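Accompanying notes for the structure given below.
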Amino acid sequence: MFPKLTLLSFALTAISAHAQLVGTYETETHPSLTWQRCTRSGCQNVSGSIVLDSNWRWVHSNSGYTNCYTGNTWDTSLCPNNRQCATNCALEGANYSNTYGISTSGNALTLKFIQPNSNGKNIGSRVYLLASESRYQMFNLLNQEFTFDVDVSKLPCGLNGAVYFSAMDADGGMARFSTNKAGAKYGTGYCDSQCPRDIKFINGEGNAEGWQPASNDENAGLGNNGICCNEMDIWEANSISAAYTPHPCDGIQATRCSGTACGGQSNRYGSVCDPDGCDFNSFRMGDRSYYGPGLTVNTNSKFTLVTQFLTDTGTASGTLKEIRRLYVQNGRVIQHSKVNVPGMAAHDSITTQFCNEAKVAFGDRDSFGQHGGMAGMSRAMAASMVLVLSIWDDHTANMLWLDSNYPTDADPNKPGIARGTCPTSSGVPAEVEQSAASATVTYSNIKFGDIGTTYSGTA
Ligand SMILES: *[C@@H]1O[C@H](CO)[C@@H](O)[C@H](O)[C@H]1NC(C)=O
Ligand SMILES: *[C@@H]1O[C@H](CO)[C@@H](O)[C@H](O)[C@H]1NC(C)=O
């Protein structure tokens, strides 16, 4: 994926001030979210909760309410360098519903794209599933399946409702970086396979050094540092297109990078991670009547999607060999679409063979294989990963890599270029933030467990 985030900076009235890099103006109350763990003997409720990523939070001086970060720039007296930034600045608690448009009810999580609030508006959000107040829920996906219901009917071209796993530290990095006093309770420690440089705090330090405000994003920018880790995209989707994509990295833990060693636009393949992944998007893989409004998987209404992580031994100690997807809608199990691309077999799941053939058929660089392929992804899964749920728009590529022709100047008849029916002019953030201001996504009924135990339906 091409992640991006948007946050707000704001001025509140101080009530008290005695923080150790955690603000105390707004109590951090994690919205509860029930999910289920399933085995052959049935499913059990698990009482979980979610936490908002730290990048969206108000960051203010430890001793008061001066913004450390306003709009898309750092305060240079509070943040003259990365170390002092971390000792001078505190992350604040979040008012999930009113400030960020994030709400839960029972087993359902709803993320609004735009939430008007007293400071203007919030754009997009990213949350993590917690196991406790201060630790993320860790998932080992090997020989398991992960299932949820989604309603994408209110996600038009240019938006992405994403559900994925990142190899974040369970405590948000507190144990490894003693200057991080906020931890998972405040949503710290995000990383992904794009090695994002828009993260404000990395490894218990700020990311103010070298910060360049974005030219097309009033809330974000890029610092010198980025943070890389393995990423398994279960679901990157809107009502027009959907993809699932493993993105392995060299190594298992989240790793800080600097400058062009983070990859990015000037040096896309320069990081320790695979930025492209091995994606299965049915439209891109040659079936244009499978996913969309009124199609086989009908995005006008809610459906269930199941993702299975099969290993070579059929046990959790084996190595990942296949990632299978199926859908359930209106009580009916819908098998995955088959590849229909010259030079490729009719695969209906992600395997090493599928990935190898796709890279050749599309003339894409095999960064997936170069960073470990399925075995690399398998090692990260064995070490356990954090569940991420988000809604976002794309200030880098207008989401055209998901739902349109991309690159936009390539022949759309060339295999691999067309990914969906959205116009190449769509997805411009300044436009969708107006036209799709009422966009929203609901994820519900999350289930995790043994293969075949998280769903039912007729063939
Ligand atoms: C969130 O903000 C609303 C509106 O200002 C307020 O009524 C509510 O009490 C706040 N919630 C929390 C948990 O602070
Ligand atoms: C499980 O959680 C769901 C959603 O919160 C709830 O409706 C259901 O009653 C729970 N089941 C049990 C057995 O507690």
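List of remarks:
- Cα lying deepest toward the dipole's positive end in the range 343-459, options Ala410, Cys355, Thr396, charges on Cβ: Cys355
- Extension gain (nm, one decimal) between Thr27 and Ser63, 0.36 nm per residue minus Cα-Cα: 11.3 nm
- Calculated log₁₀ intensity ratio I(q)/I(0) where the Debye formula runs over C-alpha points of the chain, q = 0.10 Å⁻¹: -0.67
- For the chain, the dipole from Cβ point charges (+1 on Lys and Arg, -1 on Asp and Glu) about the Cα centre works out to 660 debye, to the nearest 20.
- Packing-based exposure ordering (other Cβ within 10 Å, fewest first) of Val127, Val46: Val46, Val127
- For Asn98, the shell of other residues with beta-carbons less than 13 Å away shows a net charge of +1, using +1 for Lys and Arg and -1 for Asp and Glu.
- Counting only the Cα atoms, the range 19-130 fills a convex hull of 123 Å³ per residue.
- Full-extension gain in nm, Ala131 to Arg288, via 0.36 nm per residue minus C-alpha separation: 52.6 nm
- Only helices enter the 222 nm calculation for the chain: every DSSP H run of n ≥ 4 contributes -39,500 (n - 2.57), and dividing by all residues gives -2500 deg cm²/dmol, rounded to 500.
- Placing a pseudo-label 7 Å from each Cα along the Cα-to-Cβ vector at Ala437 and Asp250 gives an inter-label distance of 4.8 nm.
- Taking the Cα centre of the range 69-189 as reference, the dipole from Cβ charges on Lys and Arg (+1) and Asp and Glu (-1) amounts to some 240 debye.
- In a reduced charge model with +1 at each Lys and Arg Cβ and -1 at each Asp and Glu Cβ, the range 340-459 shows a dipole moment near 380 debye about its Cα centre.
- Straight-line cross-link partners of Lys414 among the lysines, defined as a Cα under 30 Å from its Cα and at least 8 positions apart when in the same chain: Lys4, Lys321, Lys338, Lys359.
- C-alpha long axis of helix 373-382 to longest principal axis of the chain, angle in °: 60 degrees
- Computed over the range 297-423, relative contact order equals 16 percent, with contacts defined as Cα pairs under 8 Å that lie 6+ residues apart.
- Nearby lysines by direct alpha-carbon distance to Lys185 (threshold 18 angstrom, same-chain neighbours under 8 apart not counted): Lys200
- Angle between the chain longest axis and helix 352-362 axis [Cα atoms, degrees, rounded to 10]: 90 degrees
- The range 136-290, relative contact order in percent, only Cα pairs under 8 angstrom and at least six apart counted: 23 percent
- Alpha-carbon centroid distance for the pair the range 254-283 / the range 386-436, whole angstrom: 18 Å
Only the coordinates and a few stated rules stand behind these numbers; no lab work does. Worth saying up front: this structure is predicted, and the values here are computed from it rather than measured. Methodologically, a virtual Cβ is constructed for each residue, glycine included, from the backbone with ideal geometry; neighbour enumeration extends over all protein chains shown.
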